[in-house]
Every structure is written in C-alpha cells, then in structure tokens.
Amino acid sequence: MKIKEIILKKLRNKLSKEEESIFQNWIKKSNENLMLYELLLQLKNEGQDAHEILELDIEAAWEMVKKKIRSKHKIKPIPFYKRKIIRYAAAVLILILINGYLFRLNIINKSNDTTVDDYPIINTEIIQTGSSKAILTLHDGTNIPIGKDISFQNEDARNVGELLVYNKENPNKNSVEYNYLTVPRGGQYQLDLSDGTKVWLNSESQIKYPVVFEATKSRKVELIYGEAYFEVSPSSQNNGVKFIVHNQNQDIEVLGTKFNLKAYKDETTIHTTLVEGVVMVKVNDNQQKLIPNQQSILDKDNNNIAIKTVDVYNEISWKDGVFVFDSKSLQEIMKVMSRWYDMEVIFMNDEVKDEQFIGVLRKNRDIETVLSSVKNFGTITDYTISGKNVILK
C-alpha cells in the first residue's frame, strides 16, 4: 500500500495495526514528514475532505512553485487567505514545510510585480548558525563551558553529547545546592533534572535549579530569563509533591505535564503554552488554569493575564530544530533570528518591519538563506553584513 493511501486512512482514523506501524515509521523518518502530516491534519480540521486534500496535484505544484522562486523573471506575491485553502495555496504551504521557505503574506492582491534578483554574495564567516552550547555555574560560582564536544562530569551530573544529566540521588548532599545553566545567544541545550524532568533551553536563556530536590517539599526551579520547554516528571513519581516554575512575578504550578515558557528580558509579555496536562498560572492573587492548546499572556507592566487558543507546534517547534512563523512580522522574525545567529539587525526602512510572513525555517540554515528569502519577495531592496550586524535596506 502506498504511503499516500495510508495517510488518507490515517486522516479518517481507519488504520489497521500493521498500517499504523507503517505510518509511525514514516513519521519518524524526518521532521518534514511530521510537518507535512500536521499540515494535512490542519486542513482536515478546517473542513477539507481528507480524500480531496490528498487529490491535490502536489508534485506538479511543487515544481511550478520552485520554478517561480528560482526564476529571474517577475512574479507576483503568492496570496494566502485565512481558512480558505485552495489547491495551489495548499501545495505552496506544503512546499514551505518541506523546503524551509518564507513567504510574504499578501491578503490584498497587489498589481505591481516583484523582481527576483540573484542571491548576493556575502561573507558570513562571523555570523554562524547556532549550536548546542551552554555555561554551567556550580554552587560555588565556578563556570564550566559545556557542549557537544566538551565533556564534563562530577558527583552530581555528567555531560552527554548535547545533554546535561543530573543524578537522581546523591546521599552526600546534606543541604540544597543550586546550579545555573546559561545558554548564550547562538546556542541551545537540554537538561535532565534529578527528579526526571526534562528541560530544553532556547538561545539567550538562563535557569536556576537545585542539584537534588528535597523529598517532601515542592520541586522549584526558576527560569530567570529566556525560553524553556518542560516535560515535568509526574508527582506520583516524586512523593506526590508539585513542580513549580518561577519567573519574575509569575509561578507555574504543575503535577506532571508538558509546557513552554517564553520570558525574554527584552519583551513586554510572558507566554506560557500548555501542550499536555494541566497547569495553574499564578500572579499575585490572580490564578488562571490552562488546558492543552491554551496560552496565557502575562503583561509585565500591569500583571494582567490573557488566555487564547494557539497552534501548539508553532510555539514549541524551536526545540525540534525548526522555526515556525504564522503571520509574523519581519521585525518579530528578525528578533528570533538575532538570538539564534547571535547578531544584531538594523532596519534602514521602518516601513518593512510590519511586513508579514508565513513559513518554516530549519535552524541549520545559514543566515544568507534566510536573508535571501526575505529579499526575493521585495520586502527589502538589499542587505549587507558588517561583523555581527545585519543591515536591512
């Protein structure tokens, strides 16, 4: 049976055990397969018939769009309409997921054409793609660089590839000692705490945590700044005690769950996105309970909390090696890119800051690919790189 037929049956929830196994193996082969299925599932949830979705002439549309992207001739920006996915647009979206393109949103059709120029040749030796690296600060203040190729081990923890793992028990600990893990701009890292909780840290982030949790007290860690994804070890495996993540004025209380916390120093809001389980977001006397696919947005200035439903994958995809942008402005995208590539972005034309894009970028792409994609849609006329400064014109 062809994979197309298996996907069709999966969308209709009619897979046999053998077919489910084939489907799962296909999903695990690559992030692209997973993202493609997520898109098809989204189209189905928005009212498209599963069979109609898979009848899209995807292969032909891919080739057509690729030619348009690579062509030096004038092309019109591709229109996207919310909740009205036509055959061509659906194929374009799939192409975005597969190849990592950014597309400019064009809700109102424009009459002027956009010229696609050749990619400029620039020196990007200074601006490097991000990698797994961090600084571990021990309780005595000692700073230890760690990374994929930098080994480390003491009585409390060991560095395994791109992962820092803490021992579950340490009978020599008579008092609570705290470590810090700081991920710089241009970095990312994973941390396994002593209670079994897994933490992914994004670029420009810092977390404080005990080397070993006290057995009968709430497990508390602090995301001092930045972004982290948590897979919390259940309370049932930790003497029934809660897990609490503190950040500025906010506490997130959980029993065992998966969630993302985004709290950068240069942003005015804190975003908590629940993937699985239940969390309680507490700010002073204000408490908000989140269920899966909900996100709380805390205003740092007035401590007000707003709740909205979000596409969870868009919020946590960074930990899987991709950035997903859904109707994000160029300014928002460049802020994310500046952290990952450890660079500063300077806009020479403020009008382009609000241009919106939709798409997916793999985190292993070089900066030239990202900037060329933006330029090719006429949003900027050119760009230059000077040291670690990217100048958009």
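In the range 211-230, the residue that is nearest to SER338 (Cα to Cα) out of those that are open to solvent by less than 10 Å² (accessible area, probe 1.4 Å) and in a strand (DSSP E or B) is GLY226. Residue check: is ASN239 closer than 24 Å to ASN154 by Cβ, at pLDDT below 95 and either among the acidic types (Asp, Glu) or open to solvent by 10 Å² or more (accessible area, probe 1.4 Å) (or both)? Taking the combined requirement at face value, the residue does not satisfy it. Only a single item in (1) touching a helix residue (DSSP H, G or I) at 6+ places or on another chain (Cβ under 8 Å); (2) at pLDDT 95 or above; (3) closer than 22 Å to ALA134 by Cβ is not met by GLN295, and it is number (3).
All conditions in (1) in contact with a helix residue (DSSP H, G or I) (Cβ under 9 Å, 6 or more places away or on another chain); (2) closer than 21 Å to GLN128 by Cβ; (3) of a type outside the set (A, V, I, L, M, F, W, C) hold for LYS335, with the sole exception of (1). Which members of the range 342-393 meet the condition of being assigned to a loop (DSSP other than H, G, I, E, B) and among the acidic types (Asp, Glu)? The answer is ASP342, GLU355, ASP366, ASP382.
Within the range 304-360, being among the hydroxyl-bearing types (Ser, Thr, Tyr) and within 28 Å of TYR383 (Cα to Cα) holds for SER317, SER327, SER329, SER338, TYR341.
Scanning the range 198-210 for residues that are hydrophobic (A, V, I, L, M, F, W, C) and touching a residue at least 60 places away in the same chain (Cβ under 8 Å), we see that the one that is surrounded by the most Cβ atoms within 10 Å (Cβ to Cβ) is LEU201.
Yes/no matrix, rows are residues, columns are (1) touching a residue at least 40 places away in the same chain (Cβ under 8 Å); (2) open to solvent by 60 Å² or more (accessible area, probe 1.4 Å); (3) not in a strand (DSSP E or B):
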{"residue": "THR129", "(1), (2), (3)": "yes, no, yes"}
{"residue": "ALA134", "(1), (2), (3)": "yes, no, no"}
{"residue": "ASN159", "(1), (2), (3)": "no, no, no"}
{"residue": "THR182", "(1), (2), (3)": "yes, no, no"}
{"residue": "TYR189", "(1), (2), (3)": "yes, no, no"}
{"residue": "GLY196", "(1), (2), (3)": "yes, no, yes"}
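Contact annotation: residue pairs with Cβ atoms under 6 Å, 6 or more positions apart or on different chains, pairing a residue in the range 277-297 that is touching a residue at least 12 places away in the same chain (Cβ under 8 Å) and over 11 Å from ILE307 (Cα atoms) with a partner that is buried (at least 19 other Cβ atoms within 10 Å of the Cβ) and among the polar types (S, T, N, Q), are GLY277/THR257; VAL279/THR257; VAL283/GLN250.
The values are calculated or read from the model by the stated rules, or taken from the named source; none is laboratory data. All of these numbers come straight from a predicted model, not from anything done at the bench. So basically every Cβ, Gly included, is an ideal-geometry build from the backbone, and we count neighbours across all protein chains shown. To get the accessible areas, we keep the full protein, side chains included, count just its heavy atoms, and leave off ligands, DNA and RNA. Shrake-Rupley method; radii C 1.70, N 1.55, O 1.52, S 1.80 Å.
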